[in-house]
Every structure is written in structure tokens, then in C-alpha cells.
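Sharing a structure here in C-alpha cells format.
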Ligand code: ATP
């Protein structure tokens, strides 16, 4: 299968640079797969499971939490707010974050902002746990 150059980074640095057959991420409008030959394109990313299929057909799963993806002249650049490869996800930490967020959401009298923060924390924890499964 044809490949294309892919770079994945976060504000902390470059996490991947190489040829890929496919990258699948959740954009703000739904799941998206980029293959070789994709037209020039740009989208904001949502929170969700992601994966990259490498030249040798290996699949690497990850949690992707926000950011931007662009395709320009055949090269794909993915700048994520956070990107965690499956093997780097700490399930215990995600479970603890999930529990804290659920406890917070079960309280009454939260402000709108507190509710939204707790909800986003819960969603991040759930994405991490589903990638880790
Ligand atoms: P926590 O309450 O555990 O910090 P969080 O959802 O608030 O969770 P983030 O603000 O999304 O955490 O992430 C802060 C940093 O910690 C990022 O660099 C992120 O990649 C990393 N991180 C957060 N949770 C995990 C996890 N379960 N496993 C590995 N890295 C994590």
C-alpha cells in the first residue's frame, strides 16, 4: 500500500516522524482516516482513540486529545494537545482521574465551569481507558 510522510507532535515535542499507510483520528466532526494522496486539508481534532498504520503494517494505537491535523502537498502534520501511545498510558492514573471526575460530577451546586472541567476530565480518562483495553 502507498505511504505518505507523517509527523505527530505535541507542545512537548515530536513524537513520530516517518512514513505511514494510514492515520485515523477523531476530528471535531467525526472519525477521519488519512491515506496517501489525500487532498490538502485542515481540521481541528476532538478527543478519541487514534491509530497509525506503519509501512510494515504494524498498527500503533494512541489516545488523541485535541489539536489540529493538516495535509499539505501529500504530507500530514498532526499537532495534538496531548497524544499518548497505548504503551505510555498509565491505566491506574486514568482510573483514578475517572473516579475523581465522577465524584465531582455527582456533587450538587457545581458551577457551569466546574461541571465542564470535570466532564472533560472524565472524557479524557475514558478515552485513555478505552485505548488501553
Ligand atoms: P490527571 O488528572 O491524571 O492529570 P488529566 O486528564 O487532567 O488527568 P491532562 O491534563 O490531560 O491530564 O494531561 C496532563 C499530562 O499528563 C499530559 O502530558 C498527558 O499526556 C499526561 N497524562 C495524563 N493522564 C495520563 C495517563 N493516564 N497516562 C499517561 N499520561 C497521562
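Any read-out appearing in this document is the output of simple, stated calculations on the displayed coordinates, not a laboratory observation. Everything numeric here is computed off the predicted structure, so don't read it as measured data. Don't worry about glycine lacking a Cβ; one is built from the backbone with ideal geometry, like all the others, and counts go over all protein chains shown.
Would you please classify the overall shape of segment 42-110 from the alpha carbon gyration tensor, given that a ≥ b ≥ c denote the square roots of the eigenvalues, rounded means a/c under 1.5, and beyond that prolate means a/b larger than b/c while oblate covers the rest?
Oblate, since a/c reaches 1.5 and b/c is not below a/b.
Give the calculated FRET efficiency between residue 119 and residue 81 to the nearest 0.05, with a Förster radius of 25 Å applied to their Cβ-Cβ distance.
The calculated FRET efficiency here is 0.95.
Using only the Cα atoms, work out Rg/Rh for the chain, with Rh taken as the Kirkwood radius, to two decimals.
Over the Cα atoms of the chain, Rg/Rh equals 1.04.
Got the relative contact order for the chain handy, in percent, Cα pairs under 8 Å and 6 or more residues apart?
22 percent.
Kindly put 59, 124 in sequence by how many other C-beta atoms sit within 10 Å of each C-beta, fewest to most.
Listing 59, 124 from fewest to most nearby Cβ atoms yields 59, 124.
Calculate, in nm to one decimal, what residue 133 and residue 110 gain on full extension: separation in residues at 0.36 nm each, minus their alpha carbon distance.
Stretched fully, the residue 133-residue 110 segment lengthens by 5.1 nm.
Now a separate question. Relative to the longest principal axis of the C-alpha atoms of the chain, give the angle of the C-alpha long axis of helix 91-106, reported between 0 and 90° and rounded to the nearest 10°.
50
Between the alpha-carbon centers of segment 89-103 and segment 1-55, tell me the distance in whole angstrom.
Distance between centres, Cα-based: 27 Å.
Based only on other Cβ atoms within 10 Å, what is the fewest-to-most ordering of 7, 128, 107?
Going from least to most buried by this count: 107, 7, 128.
Sort 58, 81, 43, 108 so that the residue with the fewest other Cβ atoms within 10 Å of its own Cβ comes first and the one with the most comes last. Walk me through the numbers before you get to the answer.
On the way: 58 9, 81 13, 43 16, 108 4.
Neighbour counts put them in this order, fewest first: 108, 58, 81, 43.
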